[in-house]
Amino acid sequence: MSKNTPKAIRGTQDIFGADAEAFAFVVETFERVRKLYRFRRVEMPVFEKTEVFSRAIGETTDVVSKEMYSFEDRGGDSLTLRPEFTAGIARAFLTNGWQQHAPLKVATHGPLFRYERPQKGRYRQFHQIDAEIIGAAEPQADVELLAMADQLLKELGIEGVTLHLNTLGDADSREAWRAGLIDYFGKVKGDLSEDSQERLEKNPLRILDSKDPRDRVFVADAPKIDQYLSDEALAFFEQVTDGLDAAGVKWMRAESLVRGLDYYRHTAFEFVPDEGSEAASRLGSQSTVLGGGRYDGLMESLGGAPTPAVGWAAGIERLAMLVGEKPEGLIDAMVLVEDDAGLQAATALLCDLRKSGFVADMVASGSPKKRYDKAVRQNPKAILRVNDEGYYGYSGAEIDPRLSQFLKDGY
């Protein structure tokens, strides 16, 4: 490579080979599972007006204040590469009249962008799968989303992961809890980390999520949401947990699990690797596999009517790390052109194979021995030999019965 060759931008990645197959396996499994649950596929713009995210996520959050890729276009508008899916989906729900489909179940996947320190499983351009239910206030919507997530992880073959679950209460419960946290942490403000001192008035729930040792000392004894839950909020959470038990989804209570954004209500959750599990060793400090919650206050922040909603997202890169390397699929047939005069016949055979649903490729360059060696290295189930008279035979012990019938019928 020349010194003048441009390098990839820091925090981006080129995915190839077994890693690309693992990535594709995650997406294909997600697409299959979302169809089982009848979630509609949506495609969202990669960039939106900056206010979509600043209003939905909040000006004081790290995402908006530190991590967004924002720029001014030639028309003078401030645009932002999407750092998440939920805000854009909420905007589309309001601007496209999707209210007529409520309760609306949608799912999508694709690239997202955040300017943060690249680390294991986390990039500046990363990819997520995302599922949302908009317009459903019932606890059953939370149960359905969590059952879907649980089934997805199982079908990906990911083990040693447990659902951590908490409630943030309704609006009144959350506000009372927020006041209690401000009072509690305010008494030790000088001993908190600089970030938590800044968050104290703006977003005290974020302190509960801090990893700084100076904050962790005080988090254990901080007021718990259960002290402030209304009867209605408690009943909602009990219906969620009862539904999960009925669906066979294992969960554990995580009283310090929060969603710091103001629009979150009721259910908050994360699927987290069990301590000492293989999943934990693969992910390292980036422990959350999939997370989400109920965000009944989001639509109002974008100028819409109060609309209940719940959703989750998961990083495809992290899921692919847990899936492990996936070899490229086996080739049903490799067409071996033993004589250049047979190239056209081989091309016709190759096209017929593919049209009939067989994974097939062709070797047509090099000496006869090199051609054969190339075909063998691809580890096909069968090598179909073609010479100047056309197809004349195959080798390979694992020939598919369907392929055998195809050859009998047409060749």
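Which residues, counting only those in the range 70-111, are over 20 Å from the mean Cα position of the chain (by Cα) and either among the acidic types (Asp, Glu) or farther than 20 Å from TYR295 by Cβ (or both)?
Those that are over 20 Å from the mean Cα position of the chain (by Cα) and either among the acidic types (Asp, Glu) or farther than 20 Å from TYR295 by Cβ (or both): SER70, PHE71, GLU72, ASP73, ARG74, GLY75, GLY76, ASP77, SER78, LEU79, GLY97, GLN100.
For the range 289-309, how many residues are surrounded by fewer than 16 Cβ atoms within 10 Å (Cβ to Cβ) and farther than 21 Å from GLU59 by Cβ?
So in the range 289-309, the residues surrounded by fewer than 16 Cβ atoms within 10 Å (Cβ to Cβ) come out as 300, 303-306.
Narrowing further to those that are farther than 21 Å from GLU59 by Cβ: 305-306.
Qualifying residue count for the region: 2.
Here's a check for you: in the range 179-208, which residue that is crowded, with 16+ Cβ neighbours inside 10 Å and of a type in the set (D, E, K, R) is farthest from LEU146 (Cα to Cα)?
Of everything passing the filter in the range 179-208, ARG199 is farthest from LEU146 (Cα to Cα).
Quick one: which strands (runs of 3 or more DSSP E) lie wholly within the range 70-131 and hold at least 1 residues that are modelled with pLDDT of 95 or more and over 27 Å from THR29 (Cβ atoms)? Quick ask: steps written out before the conclusion?
On the way: elements: 70-72, 78-81, 104-113.
Strands (runs of 3 or more DSSP E) meeting the threshold: 70-72, 78-81.
For (1) in contact (Cβ under 8 Å) with a residue 40 or more places away in the chain; (2) in contact with a Pro (Cβ under 7 Å, 6 or more places away or on another chain); (3) of a type in the set (Ser, Thr, Tyr), each residue gets a yes or a no:
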{"residue": "THR162", "(1), (2), (3)": "yes, no, yes"}
{"residue": "THR167", "(1), (2), (3)": "yes, no, yes"}
{"residue": "ARG174", "(1), (2), (3)": "yes, no, no"}
{"residue": "ARG178", "(1), (2), (3)": "no, yes, no"}
{"residue": "LEU181", "(1), (2), (3)": "yes, yes, no"}
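Go through (1) within 24 Å of MET299 (Cα to Cα); (2) free of Cβ contacts under 8 Å to residues at least 60 places away in the same chain; (3) loosely packed, with under 15 Cβ neighbours inside 10 Å for PHE53 and report which single condition fails.
Result: PHE53 fails condition (3) only.
Please go through the range 255-290 and give me each residue that is in a helix (DSSP H, G or I) and without any contact (Cβ under 8 Å) to a residue 24 or more places away in the chain, ordered by number. Working first, answer last.
From the range 255-290, those in a helix (DSSP H, G or I) are 278-283; that's our starting set.
Matches in the range 255-290: SER281 only.
Checking TYR184 against (1) out of contact with any Asp or Glu (no Cβ under 7 Å at 6 or more places or on another chain); (2) in the same structural domain as GLY243 (by TED's automatic domain parsing), which test does it fail?
Result: TYR184 fails condition (2) only.
Determine, yes or no, whether GLU84 is in the same structural domain as LEU283 (by TED's automatic domain parsing) and under 30 Å from GLY284 (Cα atoms).
Values: in the same structural domain as LEU283 (by TED's automatic domain parsing): yes; under 30 Å from GLY284 (Cα atoms): yes.
Yes, satisfied.
So which residues in the range 291-348 are of a type in the set (Lys, Arg) and either part of a loop (DSSP other than H, G, I, E, B) or closer than 22 Å to ALA20 by Cα (or both), if there are any at all?
Our first condition is that a residue be of a type in the set (Lys, Arg); within the range 291-348, this holds for 294, 318, 326.
Across the range 291-348, the qualifying residues are ARG318, LYS326.
Looking at (1) farther than 19 Å from TRP312 by Cα; (2) among the hydroxyl-bearing types (Ser, Thr, Tyr); (3) at pLDDT 90 or above, which one does THR241 not meet, given that it meets all the others?
Only one criterion is unmet by THR241, namely (1).
Hey, among LEU200, LEU205, which residue is in contact with a helix residue (DSSP H, G or I) (Cβ under 8 Å, 6 or more places away or on another chain), closer than 25 Å to ILE134 by Cα and either without any contact (Cβ under 8 Å) to a residue 60 or more places away in the chain or not assigned by TED's automatic domain parsing to the domain that holds ARG55 (or both)? So that I can check it myself, show each step before the final result.
Values: LEU200 fails: closer than 25 Å to ILE134 by Cα.
Only one candidate qualifies: LEU205.
The values are calculated or read from the model by the stated rules, or taken from the named source; none is laboratory data. The shown structure was predicted, so the numbers you read here are calculated from the model rather than taken from an experiment. Because the Cβ atoms are built from the backbone with ideal geometry, glycine has one as well, and the counts that use them run over all protein chains shown.
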